[in-house]
Structure formats: structure tokens, C-alpha cells
Amino acid sequence: MKQYGMKNSTVGKAIWIMAGILLLAGCGYRLEGGGYLHQGVTRVGVEVFENNSGQTRAGIDFTNELIREIQEESDTQVVDPADAPRRIKGIVKAITFSTLSRSSTETVVERRVTAVVDVQLLDTDKDILWSVSNFSSSESFLVDADNTNDQANINEAIAIIAQRVAERIVSQMMVNF
């Protein structure tokens, strides 16, 4: 008899869970992603970001992350910029470094890298549909005592920043900020 009650309780929970899922599905609620970029942009070309920083691959890293984020989080199709009715243009304006902590006056233990970018969504007439200027993000990284992995740590921090910036940009474009 005890087992019957437990089974009945499990069935009851399953019914409530299914009812909740159906209710959420019926009202059009989505847990993540979906929708078009700014005001129904269905196709967009993303130009390689201009790179005004001293970090060689920064323009490519920010471009690739933005493309990935658009493809994963929106219904907008990314196409060749030459074939696109709308284009996204970006500039990596600066990548700077600052010291966060030291173990002595001469030895840096942790540094912060900050990137600043401008991004524009342009229509076919090159009119600006959406833009953001001086958009910045930072990430810290550890400095090796012997400096063997510093560039790898810098590259990893920049990759994290590029991903974070892409996420925030796409999110803002989709809600039309």
C-alpha cells in the first residue's frame, strides 16, 4: 500500500511538470536565444573588425566571436558582407594592460587586460541602424614568474573578453537598446 502511494505521488508530480511545460510552450515563452537582430534583420554580413590595438589577432577574434554569438543566439543568418542587406562593422579601438597585484615592487603577479570596441549595424545605404561606442570589458590573468606563458595568458584573456563583448552586443541588439 505504501508503494502505491509513492507511485501515485510520482505520477502526480509528472502531471504537474507536464502541465507547466505545456503552459510555458503555449504562451510562446522561450528559455534562450531566438528572434532576429535589431528590428527583424534576417540576414547580416559581419566585416572583420578593424584592429587599432597592438594585439595582432584581436580584430579576427572579436569578429569570430560576434559571428558565433549571432548564429547561436538569434535567428539572423550570417552571410558574406558583399551579399548582405545589412552589415556589422566594428573597431577594436584599444587593448590596454594594468597591474592588479605584485609580490614585490618589481614582480607583477596579476594583470588586467581591457578592450574597447565600437560596433555599428548599417543598412544598405550605410545609414546607422544601431551602434555602440567605447564598449569595454576587462579580464584578469596571472603573470608567470618566468614569463613563459604570458602571451598565451594574454590571448586567453582577450578571447574571454571577445566572447563576453559578443554576448552583450547581440543581447543589446536583440532588445533594441
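The numbers here are math on the coordinates, done by the rules we state, and not lab data. Just so you know, these numbers come straight off a predicted model, no measurement behind them. Counting neighbours? That spans all protein chains shown, and the Cβs are built from the backbone with ideal geometry, glycine included.
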Quiz item: Rounded to a whole number of µm²/s, how large is the Stokes-Einstein D of region 34-174 at 20 °C and 1.002 mPa s, given Rh as the Kirkwood radius over C-alpha pairs?
Solution: 135
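Where does each of D75, D83 land when they are ranked from fewest to most other beta-carbon atoms within 10 angstrom?
D83, D75
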Quiz item: So, in nm, how far is label T56 from label N134 when the simple model puts each one 7 Å beyond its Cα toward the Cβ?
Solution: 3.2
Practice problem: State, to one decimal in nm, how far the label point of Q39 lies from the label point of T114, with both points 7 Å from Cα in the Cβ direction. | Solution: 3.3
Quiz item: With a 10 Å Cβ neighbour count serving as the proxy for reagent exposure, in which order, fewest first, do K126, K93 appear?
Solution: K126, K93
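By how many nm would the segment from A145 to T105 lengthen if fully extended, with 0.36 nm per residue of separation less the alpha-carbon distance? Mind showing how you got there, number by number?
Details: separation 40, 0.36 × 40 = 14.40 nm, distance 1.38 nm.
Taking A145 through T105 to full extension adds about 13.0 nm, to one decimal.
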